[in-house]
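Undergrad: Starting off with a structure, shown below.
The values are calculated or read from the model by the stated rules, or taken from the named source; none is laboratory data. This structure is a prediction, so every number in the text was calculated from the model and none was measured. Quick reminder, even Gly has a Cβ in these numbers, built from the backbone with ideal geometry, and neighbours come from all protein chains shown.
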Amino acid sequence: MFKKLLIANRGEIALRVLRACRDLDISPVAIYSELDTGAIHARLADEAYNVGPGPASESYLKIPAILDAARRSGAEAVHPGYGFLAENAAFARAVIDAGLTWVGPAPDIIDSMGDKTAARRAAADAGVATVPGTPDPVTTVEEVAAFADEHGIPLAIKASAGGGGKGFRVVHSPDEIEDALSGAAREASAYFSSPDVYLERYLERPRHVEVQVLGDAGGSVLSFPERDCSLQRRHQKLLEESPSPALDPHVREAIMEAAARVSKQVGYRNAGTCEFLLDADGETFYFLEMNTRLQVEHPVTELVTGVDLVKAQLLVAAGEPLEFDQGDIELRGHAIECRINAEDPAKKFMPAPGRIGDYEEPSGPGVRVDSGVEANFTVPQAYDPLMAKLITFGAGRDEARRRMLRALGEYVVEGVKTTIPFHRMMLADDRFISGEYHTGTVEREMDLAPLAGSPPARPQAGEVEVADRRFDVELDGKRFAVRVREDLDVVVRARKPAPPASAGSVAGGGGEALTAPMQGTIVKVLVDQGDEVTVGQPILVLEAMKMENSILSHANGTVEELKVEAGASVETGATLAIIR
Ligand code: MV4
């Protein structure tokens, strides 16, 4: 077993890997960027190395800087976590070529499973059903129309080199084919450097069920009870649970066996996940894709099986035997995970980074918190908005659900908006309680308006603004929480009408300048200099924290000046255009 391991990641997953190292007497080495100099993962490691400035491309994605930290520390192995370089075959090769142990599948497997059509072929070769689709990429409208004639509509167009939601389009009628095909290819090119797209019949209202697999050093492949990840928004998972409320034991056995078969077929080693779609009949499942990394939601599997998956990864990477085999993997109880993101669910989950004030984590029976933040930590704009994962375990699903509601009620995060209010709403919603939710529930069926809270009745222009002060007092031996309203003698000024919001849209600006509401990268400019625009009209697309946001005009007028073009990085408040 290696004695020192470099964790090529940050936040909660870096801490998670660090703790598994501690359990195996492996010395953990951390890396950090200029934005993470005070981060917990750097503080708790035995050694920590600065790998560069804030932007991920200059630090956590900088392969030479990371390998230099490994060399300087004398690390003998590297764990990539998830995201960043976790599924980057070139990084895996560079680690191996530097004589270090890579904690993950072989680079060739990362490459082959990263090609979604190759992964589908591997599943078919293993006798596992895939969603009916094209074996190879398609390029013409005619090919898509022919597929629609044969398999019907709706159909899905997907990026061959991608995954998740990028380059993903659904075609609901033939006249949508051309735009969907070009849009998918353009997005595939932008995000995965390959325009290749393939087709699948689109399943309405499926559940997204995935199976953890673990290929051991001896060539066996173990599979674990499924995780249900159907509660997503724009392909970002919000909540996961195990087991799925929609899966009967006989289907569980079949889907676990299918995942093990595909993984064995490709000679999989270390931790991976096979994604499936479960049809509305709760019986029929189809292989979607295979992820060659440890996933965010791995704790729910750990809680219902008692297996430490990260420890298992380290043992497998070191060529050591596992402390269990398939017969020891038994499903017991129920686990639910809520992702605590720095996002505002009342504003379409817009990223809400910033400095955390007071911070208190829940605990007690059945509660686990995997967190990468603490009081006074600044959640950087530059990275994924995940701050922590709150996971609860119960003897059954309702005990896990009630414990989650208790824990969410205890969780204190001041200073930044979080997804906690969304989770409290979701866990109390009948669609969750009944287990009858699907991949479209959050986006197509839930009304999140109440999360905006009944905003304190906005004082109208000319009115006096008041503030709430809260105190805990004791009267005659009994404790009371008291709220004191205080007039602030501030006359409210007239407010601008809020522009009509659209998906992932924000308006920015005051006066003639249209300004950036957050730091990010311009991915698309939608107007030309001289165009006439109206309030609420999309002017450009800004990407921040992995989400694309349409920036809307704050005024009616002419685009007198465009200050940015696609590819530009902008700070919060930067002038993007002059509209007068
Ligand atoms: C699908 C699908 C329905 N039919 N493929 C693709 C990206 C990955 N995150 C899940 N994806 C899906 N692929 C076919 N043929 C449904 C999903 C899907 C999904 C699609 C749209 C919006 C949210 C979703 C959440 C989970 C799964």
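Undergrad: Would you confirm whether any residue within segment 96-105 is touching a helix residue (DSSP H, G or I) at 6+ places or on another chain (Cβ under 8 Å) and of a type in the set (Asp, Glu)?
TA: Checked against the condition, which is being touching a helix residue (DSSP H, G or I) at 6+ places or on another chain (Cβ under 8 Å) and of a type in the set (Asp, Glu), segment 96-105 yields no hits at all.
Undergrad: Something else about it: Which of the residues belonging to segment 141-168 are more than 9 Å from the ligand (Cβ to nearest atom) and either at positive phi or in contact with a helix residue (DSSP H, G or I) (Cβ under 8 Å, 6 or more places away or on another chain) (or both)?
TA: Val141, Val144, Ala145, Ala148, Gly152, Ile153, Ile157, Ala159, Ser160, Ala161, Gly167
Undergrad: Also: Condition first: touching a strand residue (DSSP E or B) at 6+ places or on another chain (Cβ under 6 Å), of a type in the set (Phe, Trp, Tyr) and not assigned by TED's automatic domain parsing to the domain that holds Glu320. Can you find one or more residues in segment 189-197 that meet it?
TA: yes
Undergrad: Are there any pairs, at least 6 apart or on different chains, whose C-beta atoms fall under 9 Å, with the first in segment 141-162 and in the same structural domain as Ile177 (by TED's automatic domain parsing) and among the hydroxyl-bearing types (Ser, Thr, Tyr) and the second within 15 Å of the ligand (Cβ to nearest atom) and part of a loop (DSSP other than H, G, I, E, B), and if so, which?
TA: Ser160/Gly167
Undergrad: Could we say that Val300 is under 24 Å from the mean Cα position of the chain (by Cα), surrounded by fewer than 24 Cβ atoms within 10 Å (Cβ to Cβ) and closer than 22 Å to Leu331 by Cα here?
TA: Taking the combined requirement at face value, the residue does not satisfy it.
Undergrad: Please find, among Arg93, Arg120, the residue that is at pLDDT 95 or above, farther than 24 Å from Glu12 by Cβ and surrounded by fewer than 20 Cβ atoms within 10 Å (Cβ to Cβ).
TA: Within the list Arg93, Arg120, the selection yields Arg93.
Undergrad: Please find, within segment 243-297, the residue that is farthest from the ligand (Cβ to nearest atom) out of those that are of a type in the set (S, T, N, Q) and under 17 Å from the mean Cα position of the chain (by Cα).
TA: Per the stated criteria, the residue is Thr292.
Listed here are the residues, each with its yes/no results for (1) buried (at least 24 other Cβ atoms within 10 Å of the Cβ); (2) closer than 20 Å to Glu320 by Cβ; (3) hydroxyl-bearing (Ser, Thr, Tyr); (4) not assigned by TED's automatic domain parsing to the domain that holds Val296.
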| residue | (1), (2), (3), (4) |
| --- | --- |
| Val29 | yes, no, no, yes |
| Asp36 | yes, no, no, yes |
| Tyr49 | no, no, yes, yes |
| Gly52 | no, no, no, yes |
| Tyr82 | no, no, yes, yes |
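Undergrad: May I ask you to list the residues in segment 122-140 that are away from the ligand (no atom under 16 Å from the Cβ) and either outside any loop (DSSP other than H, G, I, E, B) or within 20 Å of Ala90 (Cα to Cα) (or both)?
TA: Once the filter is applied, which keeps residues that are away from the ligand (no atom under 16 Å from the Cβ) and either outside any loop (DSSP other than H, G, I, E, B) or within 20 Å of Ala90 (Cα to Cα) (or both), segment 122-140 yields Ala122, Asp125.
Undergrad: Related question: Take Glu76 and tell me if it is more than 29 Å from Leu315 (Cβ to Cβ) and in contact (Cβ under 8 Å) with a residue 12 or more places away in the chain.
TA: no
Undergrad: Would you please name the residue that is surrounded by the fewest Cβ atoms within 10 Å (Cβ to Cβ), looking only at residues in segment 169-206 that are modelled with pLDDT under 95 and near the ligand (Cβ under 10 Å from one of its atoms)?
TA: Of everything passing the filter in segment 169-206, Glu204 is surrounded by the fewest Cβ atoms within 10 Å (Cβ to Cβ).
Undergrad: A further question follows. Do we find that Met426 is at pLDDT 95 or above, in contact with a Ser or Thr (Cβ under 7 Å, 6 or more places away or on another chain) and surrounded by 19 or more Cβ atoms within 10 Å (Cβ to Cβ) in this structure?
TA: No, not satisfied.
Undergrad: Filtering segment 226-242 down to residues that are in a loop (DSSP other than H, G, I, E, B) and surrounded by fewer than 21 Cβ atoms within 10 Å (Cβ to Cβ), which residue is farthest from the ligand (Cβ to nearest atom)?
TA: The selected residue is Arg234.
Undergrad: Here is a further query. Look at Leu247 and say whether it is closer than 22 Å to Ala77 by Cβ, outside any strand (DSSP E or B) and of a type in the set (A, V, I, L, M).
TA: Criteria not met by Leu247.
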